[in-house]
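**Student:** One structure coming up, written as C-alpha coordinates, with questions to follow.
The values are calculated or read from the model by the stated rules, or taken from the named source; none is laboratory data. Every value quoted in this text rests on a predicted model; they were computed, and no experiment measured them. Counting neighbours? That spans all protein chains shown, and the Cβs are built from the backbone with ideal geometry, glycine included.
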Amino acid sequence: MTAANDSHHTALDDAHLSPASSPPDFQALLGSGAISPLNVYAIGQVRPAFPSEGVEKELLQAATPATGPVDGRMVKDILSNPSNRYLMRQMCWIFSVQGLDAYVLEPAEATDLELLRDAIGHDPHEEAYSVVIGSIYPSASVGGCATPGLPSVRFDQLYTFHLGEFVAAIPKPDDLNIEHDEFGQLVRYGFWRLVTHDSNAGASDEHRALNYLALRYPKIYEMLARQRSDGRAQASIQTVRPIMPGGRVIIDANFDFGEGANASRDDWHVRVDVTDKFPFLRSELKSLNFP
(Lines give C-alpha, C1' and ligand atoms only; values in the text may rest on other atoms or scores of the structure.)
Protein backbone atom coordinates (compact mmCIF):
# COMPACT_ATOMS: atom_id res chain seq x y z
CA MET A 1 0.00 0.00 0.00
CA THR A 2 1.16 3.53 -0.72
CA ALA A 3 1.33 6.09 2.05
CA ALA A 4 -1.08 8.98 1.72
CA ASN A 5 0.45 12.36 0.97
CA ASP A 6 -0.71 14.84 3.61
CA SER A 7 -0.55 17.71 1.13
CA HIS A 8 -2.57 15.90 -1.54
CA HIS A 9 -5.97 17.53 -2.09
CA THR A 10 -8.74 15.18 -3.14
CA ALA A 11 -12.32 15.54 -4.26
CA LEU A 12 -13.34 14.19 -0.84
CA ASP A 13 -11.35 16.67 1.24
CA ASP A 14 -14.60 18.55 1.87
CA ALA A 15 -16.50 15.38 2.74
CA HIS A 16 -16.08 15.68 6.49
CA LEU A 17 -19.28 15.91 8.43
CA SER A 18 -20.89 19.31 8.64
CA PRO A 19 -24.52 20.44 8.87
CA ALA A 20 -26.33 21.45 5.69
CA SER A 21 -26.53 25.17 4.99
CA SER A 22 -30.32 25.00 5.06
CA PRO A 23 -31.32 21.61 6.54
CA PRO A 24 -35.01 20.66 6.65
CA ASP A 25 -36.76 21.67 9.87
CA PHE A 26 -37.33 18.28 11.46
CA GLN A 27 -38.05 19.62 14.94
CA ALA A 28 -41.56 20.54 13.83
CA LEU A 29 -42.03 16.91 12.79
CA LEU A 30 -40.31 15.27 15.74
CA GLY A 31 -41.90 17.53 18.32
CA SER A 32 -40.46 18.50 21.65
CA GLY A 33 -39.38 15.44 23.62
CA ALA A 34 -40.77 13.00 21.06
CA ILE A 35 -39.90 9.41 21.92
CA SER A 36 -41.28 7.33 19.07
CA PRO A 37 -39.27 7.45 15.84
CA LEU A 38 -40.88 8.76 12.68
CA ASN A 39 -41.06 6.86 9.45
CA VAL A 40 -39.22 8.16 6.41
CA TYR A 41 -39.63 7.35 2.71
CA ALA A 42 -37.15 9.62 0.93
CA ILE A 43 -35.71 9.95 -2.57
CA GLY A 44 -32.26 11.47 -3.04
CA GLN A 45 -28.56 10.61 -3.22
CA VAL A 46 -26.05 8.95 -0.90
CA ARG A 47 -22.52 10.23 -0.41
CA PRO A 48 -19.70 8.97 1.81
CA ALA A 49 -18.16 11.16 4.51
CA PHE A 50 -15.34 10.78 7.00
CA PRO A 51 -15.91 10.96 10.77
CA SER A 52 -12.21 11.79 11.23
CA GLU A 53 -9.03 12.59 9.33
CA GLY A 54 -7.65 9.22 10.41
CA VAL A 55 -10.38 7.32 8.58
CA GLU A 56 -9.81 9.47 5.50
CA LYS A 57 -6.07 8.75 5.47
CA GLU A 58 -6.68 5.03 6.02
CA LEU A 59 -8.92 4.94 2.96
CA LEU A 60 -6.38 6.87 0.87
CA GLN A 61 -3.68 4.36 1.80
CA ALA A 62 -5.93 1.58 0.51
CA ALA A 63 -5.98 3.22 -2.94
CA THR A 64 -3.09 1.22 -4.42
CA PRO A 65 -2.28 2.31 -6.98
CA ALA A 66 -4.27 5.55 -7.21
CA THR A 67 -5.47 5.71 -10.81
CA GLY A 68 -7.44 8.93 -10.72
CA PRO A 69 -9.14 11.47 -8.46
CA VAL A 70 -10.35 10.20 -5.12
CA ASP A 71 -14.06 10.57 -5.74
CA GLY A 72 -17.17 8.50 -5.14
CA ARG A 73 -16.21 6.08 -7.90
CA MET A 74 -12.81 5.39 -6.37
CA VAL A 75 -14.26 5.06 -2.87
CA LYS A 76 -16.73 2.51 -4.23
CA ASP A 77 -13.91 0.56 -5.89
CA ILE A 78 -11.84 0.59 -2.70
CA LEU A 79 -14.74 -0.59 -0.56
CA SER A 80 -15.59 -3.32 -3.08
CA ASN A 81 -12.32 -5.07 -2.17
CA PRO A 82 -13.21 -7.62 0.55
CA SER A 83 -10.01 -6.78 2.45
CA ASN A 84 -11.25 -3.20 2.81
CA ARG A 85 -14.69 -4.09 4.10
CA TYR A 86 -13.71 -2.91 7.59
CA LEU A 87 -13.60 0.64 6.20
CA MET A 88 -17.31 0.53 5.39
CA ARG A 89 -18.01 0.21 9.11
CA GLN A 90 -15.87 3.30 9.79
CA MET A 91 -17.39 5.57 7.13
CA CYS A 92 -20.35 7.88 7.55
CA TRP A 93 -23.10 7.99 4.96
CA ILE A 94 -25.03 11.16 4.21
CA PHE A 95 -28.36 11.24 2.38
CA SER A 96 -29.12 14.44 0.49
CA VAL A 97 -32.50 15.53 -0.85
CA GLN A 98 -32.71 18.13 -3.61
CA GLY A 99 -29.06 18.99 -3.11
CA LEU A 100 -29.23 19.53 0.68
CA ASP A 101 -27.89 17.15 3.32
CA ALA A 102 -30.92 15.72 5.12
CA TYR A 103 -30.02 12.55 7.05
CA VAL A 104 -27.17 10.44 8.40
CA LEU A 105 -27.87 6.85 7.32
CA GLU A 106 -27.41 3.85 9.59
CA PRO A 107 -28.10 0.30 8.36
CA ALA A 108 -30.46 -1.76 10.50
CA GLU A 109 -28.29 -4.80 9.66
CA ALA A 110 -24.51 -4.87 9.16
CA THR A 111 -25.01 -6.76 5.89
CA ASP A 112 -26.74 -3.67 4.49
CA LEU A 113 -23.45 -1.75 4.40
CA GLU A 114 -23.01 -3.03 0.84
CA LEU A 115 -26.21 -1.23 -0.17
CA LEU A 116 -24.61 2.04 0.92
CA ARG A 117 -21.45 1.29 -1.02
CA ASP A 118 -23.43 0.43 -4.15
CA ALA A 119 -25.40 3.69 -3.90
CA ILE A 120 -22.32 5.86 -4.57
CA GLY A 121 -19.96 6.40 -7.49
CA HIS A 122 -22.49 6.64 -10.31
CA ASP A 123 -21.84 8.67 -13.44
CA PRO A 124 -23.71 12.01 -13.15
CA HIS A 125 -25.23 11.41 -16.59
CA GLU A 126 -26.94 8.28 -15.24
CA GLU A 127 -29.19 10.38 -12.97
CA ALA A 128 -28.95 7.90 -10.11
CA TYR A 129 -31.44 8.19 -7.26
CA SER A 130 -31.54 6.24 -4.03
CA VAL A 131 -34.65 5.42 -2.03
CA VAL A 132 -34.41 5.05 1.74
CA ILE A 133 -37.20 3.60 3.89
CA GLY A 134 -36.73 3.43 7.63
CA SER A 135 -37.11 5.25 10.92
CA ILE A 136 -35.87 8.74 11.70
CA TYR A 137 -34.40 9.89 15.00
CA PRO A 138 -33.43 13.39 16.19
CA SER A 139 -29.66 12.87 15.78
CA ALA A 140 -27.21 10.26 14.60
CA SER A 141 -26.57 7.57 17.19
CA VAL A 142 -23.27 6.34 15.71
CA GLY A 143 -20.50 8.15 17.60
CA GLY A 144 -18.40 10.12 15.13
CA CYS A 145 -21.20 10.40 12.58
CA ALA A 146 -23.42 12.56 14.78
CA THR A 147 -23.95 15.86 12.95
CA PRO A 148 -25.78 18.92 14.30
CA GLY A 149 -28.98 19.52 12.36
CA LEU A 150 -29.01 16.11 10.67
CA PRO A 151 -31.27 13.41 12.09
CA SER A 152 -30.36 9.77 11.75
CA VAL A 153 -32.29 7.30 9.62
CA ARG A 154 -31.91 3.64 10.50
CA PHE A 155 -33.00 2.16 7.21
CA ASP A 156 -34.75 -1.13 6.55
CA GLN A 157 -34.66 -0.77 2.77
CA LEU A 158 -32.26 1.10 0.49
CA TYR A 159 -32.11 0.74 -3.25
CA THR A 160 -30.72 2.77 -6.13
CA PHE A 161 -32.03 3.25 -9.66
CA HIS A 162 -31.26 5.26 -12.77
CA LEU A 163 -34.00 7.67 -13.79
CA GLY A 164 -33.66 6.86 -17.48
CA GLU A 165 -34.30 3.16 -16.81
CA PHE A 166 -37.21 4.01 -14.53
CA VAL A 167 -38.81 6.21 -17.21
CA ALA A 168 -38.31 3.56 -19.90
CA ALA A 169 -40.07 0.96 -17.72
CA ILE A 170 -43.30 3.01 -17.47
CA PRO A 171 -45.59 1.64 -20.21
CA LYS A 172 -47.18 4.10 -22.65
CA PRO A 173 -50.86 3.23 -23.24
CA ASP A 174 -51.45 2.12 -26.84
CA ASP A 175 -54.36 4.52 -27.26
CA LEU A 176 -52.37 7.57 -26.14
CA ASN A 177 -51.64 9.56 -29.28
CA ILE A 178 -48.17 10.89 -28.47
CA GLU A 179 -44.66 9.70 -29.32
CA HIS A 180 -42.70 7.55 -26.89
CA ASP A 181 -40.09 10.28 -26.44
CA GLU A 182 -42.76 12.81 -25.50
CA PHE A 183 -44.33 10.33 -23.09
CA GLY A 184 -40.92 9.79 -21.48
CA GLN A 185 -40.49 13.54 -21.06
CA LEU A 186 -43.89 13.75 -19.38
CA VAL A 187 -42.96 10.91 -17.01
CA ARG A 188 -39.75 12.74 -16.08
CA TYR A 189 -41.69 15.93 -15.48
CA GLY A 190 -44.29 14.14 -13.36
CA PHE A 191 -41.58 12.44 -11.30
CA TRP A 192 -39.92 15.80 -10.67
CA ARG A 193 -43.22 17.43 -9.66
CA LEU A 194 -43.97 14.70 -7.10
CA VAL A 195 -40.55 14.36 -5.47
CA THR A 196 -39.91 18.12 -5.20
CA HIS A 197 -43.42 19.17 -4.12
CA ASP A 198 -43.39 21.46 -1.08
CA SER A 199 -39.71 20.81 -0.21
CA ASN A 200 -40.34 17.07 -0.11
CA ALA A 201 -37.80 15.46 2.24
CA GLY A 202 -39.74 12.22 2.68
CA ALA A 203 -40.34 12.65 6.43
CA SER A 204 -43.92 13.94 6.63
CA ASP A 205 -46.86 11.66 5.92
CA GLU A 206 -47.80 13.80 2.92
CA HIS A 207 -44.33 13.56 1.39
CA ARG A 208 -44.13 9.83 2.02
CA ALA A 209 -47.42 9.39 0.15
CA LEU A 210 -46.20 11.40 -2.84
CA ASN A 211 -42.91 9.51 -2.99
CA TYR A 212 -44.76 6.21 -2.84
CA LEU A 213 -46.95 7.29 -5.77
CA ALA A 214 -43.93 8.49 -7.76
CA LEU A 215 -42.18 5.14 -7.43
CA ARG A 216 -44.91 2.53 -7.14
CA TYR A 217 -47.98 3.78 -9.00
CA PRO A 218 -47.43 4.15 -12.80
CA LYS A 219 -51.06 5.19 -13.37
CA ILE A 220 -50.09 8.64 -12.09
CA TYR A 221 -47.90 9.14 -15.16
CA GLU A 222 -50.56 7.89 -17.54
CA MET A 223 -53.00 10.40 -16.05
CA LEU A 224 -50.54 13.28 -16.36
CA ALA A 225 -49.74 12.37 -19.96
CA ARG A 226 -53.41 12.14 -20.94
CA GLN A 227 -54.16 15.51 -19.40
CA ARG A 228 -51.26 17.15 -21.22
CA SER A 229 -52.27 15.42 -24.47
CA ASP A 230 -55.78 16.87 -24.06
CA GLY A 231 -54.28 20.34 -23.77
CA ARG A 232 -55.00 20.99 -20.10
CA ALA A 233 -52.76 23.16 -17.98
CA GLN A 234 -50.32 21.49 -15.59
CA ALA A 235 -51.72 20.06 -12.41
CA SER A 236 -51.68 21.65 -9.01
CA ILE A 237 -50.97 19.03 -6.35
CA GLN A 238 -52.68 19.12 -2.98
CA THR A 239 -52.52 16.64 -0.11
CA VAL A 240 -55.32 16.28 2.41
CA ARG A 241 -55.47 14.21 5.60
CA PRO A 242 -59.07 13.01 6.06
CA ILE A 243 -60.33 11.89 9.44
CA MET A 244 -60.70 8.12 9.22
CA PRO A 245 -62.23 5.59 11.64
CA GLY A 246 -59.94 3.00 13.14
CA GLY A 247 -56.94 5.25 13.61
CA ARG A 248 -55.41 4.68 10.16
CA VAL A 249 -53.37 7.57 8.73
CA ILE A 250 -54.62 8.31 5.22
CA ILE A 251 -53.37 10.88 2.72
CA ASP A 252 -55.50 12.00 -0.21
CA ALA A 253 -53.44 13.28 -3.15
CA ASN A 254 -55.52 15.57 -5.38
CA PHE A 255 -54.45 16.63 -8.87
CA ASP A 256 -56.31 19.63 -10.29
CA PHE A 257 -55.93 20.39 -13.99
CA GLY A 258 -56.89 23.78 -15.38
CA GLU A 259 -58.90 24.32 -18.52
CA GLY A 260 -57.15 23.95 -21.85
CA ALA A 261 -57.88 25.22 -25.35
CA ASN A 262 -60.22 22.33 -26.11
CA ALA A 263 -60.76 20.80 -22.69
CA SER A 264 -62.60 21.65 -19.49
CA ARG A 265 -61.19 21.50 -15.98
CA ASP A 266 -60.46 18.01 -14.67
CA ASP A 267 -59.68 16.87 -11.10
CA TRP A 268 -58.31 13.50 -9.96
CA HIS A 269 -57.86 11.85 -6.59
CA VAL A 270 -55.90 8.90 -5.16
CA ARG A 271 -55.67 7.68 -1.56
CA VAL A 272 -52.54 6.29 0.18
CA ASP A 273 -52.33 4.63 3.60
CA VAL A 274 -49.18 5.81 5.41
CA THR A 275 -49.94 4.41 8.88
CA ASP A 276 -47.04 1.99 8.80
CA LYS A 277 -43.43 2.20 7.67
CA PHE A 278 -44.33 0.92 4.20
CA PRO A 279 -47.13 2.93 2.53
CA PHE A 280 -49.69 1.24 0.31
CA LEU A 281 -52.53 2.20 -2.01
CA ARG A 282 -55.86 2.55 -0.21
CA SER A 283 -58.00 3.49 -3.23
CA GLU A 284 -57.34 3.73 -6.95
CA LEU A 285 -56.94 6.91 -8.94
CA LYS A 286 -60.33 8.30 -10.01
CA SER A 287 -61.84 11.43 -11.48
CA LEU A 288 -63.73 13.79 -9.18
CA ASN A 289 -65.78 15.19 -12.07
CA PHE A 290 -69.10 13.48 -11.72
CA PRO A 291 -71.54 13.51 -14.66
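**Student:** Just checking, does region 261-270 include any residue being within 30 Å of Q45 (Cβ to Cβ), at pLDDT 95 or above and either small (G, A, S) or not in a loop (DSSP other than H, G, I, E, B) (or both)?
**Tutor:** To start, the set of residues in region 261-270 that are within 30 Å of Q45 (Cβ to Cβ) comprises 270.
Still in the list and also at pLDDT 95 or above: 270.
Applying the additional criterion that residues be either small (G, A, S) or not in a loop (DSSP other than H, G, I, E, B) (or both) yields 270.
Checked against the condition, which is being within 30 Å of Q45 (Cβ to Cβ), at pLDDT 95 or above and either small (G, A, S) or not in a loop (DSSP other than H, G, I, E, B) (or both), region 261-270 yields at least one hit.
**Student:** If you take the residues in region 152-177 that are in a loop (DSSP other than H, G, I, E, B) and modelled with pLDDT of 90 or more, which one is surrounded by the most Cβ atoms within 10 Å (Cβ to Cβ)?
**Tutor:** Looking only at region 152-177, we keep the residues that are in a loop (DSSP other than H, G, I, E, B), and these are 170-177.
Next cut, modelled with pLDDT of 90 or more only: 170-176.
Values: I170: 19, P171: 10, K172: 17, P173: 12, D174: 6, D175: 6, L176: 15.
By that ranking, first place goes to I170.
**Student:** A follow-up question, please. Which of the residues spanning region 100-122 are of a type outside the set (D, E, K, R) and part of a strand (DSSP E or B)?
**Tutor:** Applying the first criterion (of a type outside the set (D, E, K, R)) to region 100-122 yields 100, 102-105, 107-108, 110-111, 113, 115-116, 119-122.
Once the filter is applied, which keeps residues that are of a type outside the set (D, E, K, R) and part of a strand (DSSP E or B), region 100-122 yields L100, A102, Y103, V104, L105, P107.
**Student:** So, one more: Restricting the search to region 220-240, which residues are part of a helix (DSSP H, G or I) and either touching a His at 6+ places or on another chain (Cβ under 6 Å) or not assigned by TED's automatic domain parsing to the domain that holds A253 (or both)? Steps first, please.
**Tutor:** Of all residues in region 220-240, those part of a helix (DSSP H, G or I) come to 220-229.
Correct list: empty.
**Student:** Right, here's the next one. Just to verify a result, which residue in region 168-197, among those that are closer than 15 Å to S130 by Cα and among the hydrophobic types (A, V, I, L, M, F, W, C), is nearest to the chain's Cα centre (by Cα)? Outline the logic, then answer.
**Tutor:** First, pick out the residues of region 168-197 that are closer than 15 Å to S130 by Cα: 191-192, 195-196.
If we keep only those that are among the hydrophobic types (A, V, I, L, M, F, W, C) as well, we get 191-192, 195.
On the way: F191: 12, W192: 12, V195: 8 Å.
Among them, the one singled out is V195.
**Student:** Going residue by residue through region 197-217, is there one that turns out to be free of Cβ contacts under 8 Å to residues at least 12 places away in the same chain and of a type in the set (F, W, Y)?
**Tutor:** So far as region 197-217 goes, no, none of its residues is free of Cβ contacts under 8 Å to residues at least 12 places away in the same chain and of a type in the set (F, W, Y).
**Student:** Which residue out of L105, L176, L213, L115 is farther than 30 Å from R85 by Cα and either acidic (D, E) or touching a Leu at 6+ places or on another chain (Cβ under 8 Å) (or both)?
**Tutor:** Answer to the check: L213.
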